[in-house]
Amino acid sequence: AKRLQDKTILITGASSGIGEQTARDYAEASNGQVKLFLTARRLDKLESLKEELEAQWTNVKVCVKKLDVSDFKAVDEFFESLPEDFKDIDILINNSGKALGVDKIGTIKQEDINGMFEVNVLGMIAVAQRTLQIFKAKNSGDIVQLGSIAGRDPYPGGGIYCATKAALRSFSHSLRKELIDTKIRVIEIDPGNVETEFSNVRFKGDAAAAKNVYKGTEPLVAKDISDLIVYCTSRRQNVVVAESLIFATNQASASHIYRSE
Ligand code: 8X3
């Protein structure tokens, strides 16, 4: 899309899943005419993605940087030392996030509680705040907030994860209201089941348990979400796709999922 040309796009959590696929999709949608600023904790994964994108698109500019969004000092340092070419961020994909465990409230490990809140809420807010300084100075920019069905429809075993995504949703809605007199767009995207590393992380490497989440269903894949992200951010300036709930066809709520035998 022409509207994406020469944009600078910051993606957190770009080493896998939705973040990684979103980087690919922006390169493709802009015909390689875009600057991609990719961050995650796993620098090696970002480096191979950079190589892949540069091999495919001669004009694409890719900058990769290790960033743990839950480390406030690192977030501050990151925004204070933005490379000249990547300073003028136009689109933020505030994507870093995770679920840890499916324990019931009363037995949830403190480190899991902290881990989810630190990344999904505090880290998400830290990155949003710093990016908004850039957006407000130029009165434009898109902030794409990766929420979840979990933020709308809390389920047993998701006591903390669902709460973090409800926090993201609430924060995003306050923000959209605050920005009412600006050209800045707040775009919240709430996926249902998407098959990525998400369940492997949630079940802490128990591959069978992770696989079981999608058993008998045809889950969404990362590309389904990245397509939507690119769509939302390439509308004309006066259109904001404020929020979208996106499911596989056999899902209708967090717990209402049809499974074939
Ligand atoms: C991921 C979807 O249903 O596991 O956010 O919460 S779900």
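Whether any residue in the range 76-87 is of a type in the set (D, E, K, R) and buried (at least 18 other Cβ atoms within 10 Å of the Cβ) is what I want to check.
No; the residues of the range 76-87 include none that is of a type in the set (D, E, K, R) and buried (at least 18 other Cβ atoms within 10 Å of the Cβ).
In the range 152-167, which residues are assigned to a helix (DSSP H, G or I) and near the ligand (Cβ under 8 Å from one of its atoms)?
If the condition is that a residue be assigned to a helix (DSSP H, G or I) and near the ligand (Cβ under 8 Å from one of its atoms), then Tyr161, Cys162, Lys165 are the ones that fit.
Yes or no: Ala126 touching a residue at least 40 places away in the same chain (Cβ under 8 Å), closer than 25 Å to Leu49 by Cβ and among the small types (Gly, Ala, Ser)?
Judged against the criteria, Ala126 is a match.
I need a count of the residues in the range 211-244 that are within 11 Å of the ligand (Cβ to nearest atom) and more than 19 Å from Asp142 (Cβ to Cβ).
Residues in the range 211-244 being within 11 Å of the ligand (Cβ to nearest atom) and more than 19 Å from Asp142 (Cβ to Cβ): 4 in total.
Within the range 129-151, restricting attention to residues that are more than 9 Å from the ligand (Cβ to nearest atom) and closer than 19 Å to Val119 by Cα, which residue is surrounded by the fewest Cβ atoms within 10 Å (Cβ to Cβ)?
The residue in question is Gln129.
Read through the list (1) within 13 Å of the ligand (Cβ to nearest atom); (2) in a helix (DSSP H, G or I); (3) not basic (Lys, Arg), then give the number of the only condition that Ala126 fails.
For Ala126, the failing item is (1).
If you go through the range 187-204 one residue at a time, how many are more than 12 Å from the ligand (Cβ to nearest atom) and crowded, with 23+ Cβ neighbours inside 10 Å?
Residues flagged as more than 12 Å from the ligand (Cβ to nearest atom) and crowded, with 23+ Cβ neighbours inside 10 Å within the range 187-204 amount to 2.
Within 16 Å of the ligand (Cβ to nearest atom) and at negative phi: does that describe Val119?
The answer is yes for Val119.
Quick grid of which residues meet (1) assigned to a helix (DSSP H, G or I); (2) among the β-branched types (Val, Ile, Thr); (3) within 16 Å of the ligand (Cβ to nearest atom):
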| residue | (1), (2), (3) |
| --- | --- |
| Val62 | no, yes, no |
| Asp68 | no, no, no |
| Val75 | yes, yes, no |
| Asp88 | no, no, no |
| Ile93 | no, yes, yes |
| Lys98 | no, no, yes |
| Asp103 | no, no, yes |
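Taking the condition assigned to a helix (DSSP H, G or I), more than 15 Å from the ligand (Cβ to nearest atom), free of Cβ contacts under 8 Å to residues at least 60 places away in the same chain and not hydrophobic (A, V, I, L, M, F, W, C), does Lys177 pass?
So Lys177 passes the test.
Return the pair list, or none, for Cβ contacts closer than 7 Å from residues in the range 93-119 that are under 29 Å from Cys232 (Cβ atoms) to residues that are in a helix (DSSP H, G or I) and basic (Lys, Arg), at least 6 apart or on different chains.
Ala99/Arg202; Leu100/Arg202
Within the range 1-50, can you find the residues that are surrounded by fewer than 23 Cβ atoms within 10 Å (Cβ to Cβ), without any contact (Cβ under 8 Å) to a residue 40 or more places away in the chain and of a type in the set (Ser, Thr, Tyr)?
Ser48
Pick from Ser172, Ser199: which is under 15 Å from Leu92 (Cβ atoms) and either part of a helix (DSSP H, G or I) or in contact (Cβ under 8 Å) with a residue 60 or more places away in the chain (or both)?
Only one candidate qualifies: Ser172.
Read the figures in this text as sums done on the coordinates, not as results from a lab. Nothing here was measured: the structure is a model prediction, and the numbers come from that model. Positions of Cβ are generated from backbone atoms using ideal geometry, with glycine treated the same way; all protein chains shown enter the neighbour counts.
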